[in-house]
Every structure is written in C-alpha cells, then in structure tokens.
Amino acid sequence: MIRGIESLPDFLTLAVIYFVMFFPKWKKMGHVRFMIRTLFYFYLCMVIYFTLMPVLTSVPNLYEKPYGTINFSPFIDITEGHLNAKEELFLNTLMMIPFGFFLPMVRQKSPLSIISAGFLFSLMIECVQPFLNPLRAADITDLITNTLGTALGYLLYRLASGHIQAFLNRLS
C-alpha cells in the first residue's frame with residue numbers, strides 16, 4: 001500500500017485536532033501568533049509523517065510485531081562505515097533545527113527548556129518508531145543529532161531574534 005494512503009487516517013486525525021483544539025484558541029491571539037503556531041504545528045505534523053507514520057493503521061497489528069532494535073552505541077553507523085550514515089546524521093540534525101527555532105516564538109522559555117523539549121520530542125519518536133515498524137530502530141545517534149539540531153535552531157533564533165521581532169512587529 002502507498003505510504004500516503006496508509007497515512008491518510010493520521011493526517012485526518014491531525015487536521016481534526018488542529019481545527020477542534022487549536023484553531024479556535026489560536027485565532028483569538030492575532031494573526032501573527034496564529035501564523036507562527038500554525039506553522040509550528042504543520043512542521044510537527046511533517047516530522048511525525050517522516051518519522052512515525054503510518055500510526056493509526058499500524059495500531060491493530062502492534063501485538064503481532066516484535067519490538068525493533070535499540071542502538072545504544074553512539075555513531076556506530078559512522079565507525080562501521082554504513083552507507084548513508086553521514087547523510088542520516090545531517091538530515092536528523094537538519095530536521096530538528098525548526099523545532100529549536102520556532103519553539104521560543106511559541107513559548108518564551110529558557111535555552112535549557114527549549115533543548116530539553118527537543119530532546120524529549122526526539123526520545124518519544126525514537127521509543128515509538130520500533131513499535132510501529134519493527135524494521136526501524138531506536139537509535140542513540142538520532143537522539144544526539146536531533147538534540148543538536150534543536151540547539152542549533154535555538155542558536156539561529158537567538159542570532160536572528162531582533163530581526164524576527166522587528167518583522168513580526170511590522171506584521172502586527
């Protein structure tokens with residue numbers, strides 16, 4: 001079955017969650033905050049798509065599948081010379097940069113709380129992946145690179161925060 005079709009129930013669920021839970025509340029915050037939160041939600045949906053989906057069509061078969069592997073050896077793919085290992089490091093880091101960039105705009109928090117949130121989001125993904133697909137592994141390297149991506153995103157946010165604030169003020 002095509003991955004997009006299998007993921008359709010997940011996207012419909014995420015759309016219902018957005019329009020029932022978030023849209024009414026965020027719409028009252030003004031168009032700038034609404035836009036930022038909606039972009040962040042869309043970004044999170046895309047991360048879930050690329051890392052976990054399909055979810056809902058996998059649930060009925062959870063007990064039939066063995067839990068996938070867990071890799072506790074950091075960067076073993078690189079040391080063992082696995083194909084695409086460097087590309088995977090780059091993509092995992094890149095994937096989480098928007099998390100560290102957008103989260104401070106959604107919730108003004110300390111750098112440690114932003115990076116911790118990225119770590120916990122990544123940990124959730126890594127723990128759930130092997131349940132949904134036994135061919136996927138929970139990987140400490142992914143956790144490290146995703147957290148690094150969050151930190152880089154936060155750093156980019158801090159470097160650009162003055163310009164971002166000026167831009168957002170013009171939009172208001």
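The values are calculated or read from the model by the stated rules, or taken from the named source; none is laboratory data. Quick caveat, the model's predicted, so the values are computed rather than measured. Here Cβ is always computed from backbone atoms with ideal geometry, including for glycine, and neighbour counts include all displayed protein chains.
Being of a type in the set (A, V, I, L, M, F, W, C), loosely packed, with under 12 Cβ neighbours inside 10 Å and within 29 Å of LEU156 (Cβ to Cβ) holds for only one residue in PHE23, PHE50, and it is PHE50. Identify, from the list GLY118, GLY81, the residue that is assigned to a loop (DSSP other than H, G, I, E, B) and either of a type outside the set (A, V, I, L, M, F, W, C) or surrounded by fewer than 19 Cβ atoms within 10 Å (Cβ to Cβ) (or both). Result of the check over GLY118, GLY81: GLY81. Among residues that are hydroxyl-bearing (Ser, Thr, Tyr) and over 22 Å from PHE121 (Cβ atoms), THR57 is included.
Cβ separations smaller than 7 Å between residues 6+ apart or across chains give the following pairs from the stretch 158-172 residues that are within 16 Å of LEU103 (Cβ to Cβ) to residues that are part of a helix (DSSP H, G or I) and aliphatic (A, V, I, L, M): LEU168/VAL32.
Can you tell me which residue within the stretch 21-47, out of those that are β-branched (Val, Ile, Thr) and modelled with pLDDT under 95, is nearest to the chain's Cα centre (by Cα)? Out of the qualifying residues, it is ILE36.
The condition of being on the phi < 0 side of the Ramachandran plot, of a type outside the set (Asp, Glu) and within 20 Å of the chain's Cα centre (by Cα) holds for only one of ILE76, ILE5, ILE17, that being ILE17. Here THR57 clears all of (1) over 18 Å from GLY149 (Cβ atoms); (2) touching a helix residue (DSSP H, G or I) at 6+ places or on another chain (Cβ under 8 Å); (3) assigned to a helix (DSSP H, G or I); (4) among the hydroxyl-bearing types (Ser, Thr, Tyr) except the condition numbered (3). PHE90 fulfils the conditions (1) buried (at least 20 other Cβ atoms within 10 Å of the Cβ); (2) closer than 21 Å to PRO74 by Cβ except for a single criterion, (1). Look at (1) in a helix (DSSP H, G or I); (2) under 21 Å from ILE144 (Cβ atoms) and you find that ASP10 fails only one, number (2).
Total residues in the stretch 122-162 satisfying the condition of being surrounded by 18 or more Cβ atoms within 10 Å (Cβ to Cβ) and under 22 Å from ARG33 (Cα atoms): the figure is 4. Take the residues in the stretch 60-77 that are without any contact (Cβ under 8 Å) to a residue 24 or more places away in the chain and of a type outside the set (Ser, Thr, Tyr); name whichever of them is nearest to PHE23 (Cα to Cα). This residue is PRO60.
Return a yes/no flag: does the stretch 165-172 have any residue that is crowded, with 16+ Cβ neighbours inside 10 Å and either in a helix (DSSP H, G or I) or of a type in the set (Val, Ile, Thr) (or both). The answer is no, given that none of the residues of the stretch 165-172 is crowded, with 16+ Cβ neighbours inside 10 Å and either in a helix (DSSP H, G or I) or of a type in the set (Val, Ile, Thr) (or both).
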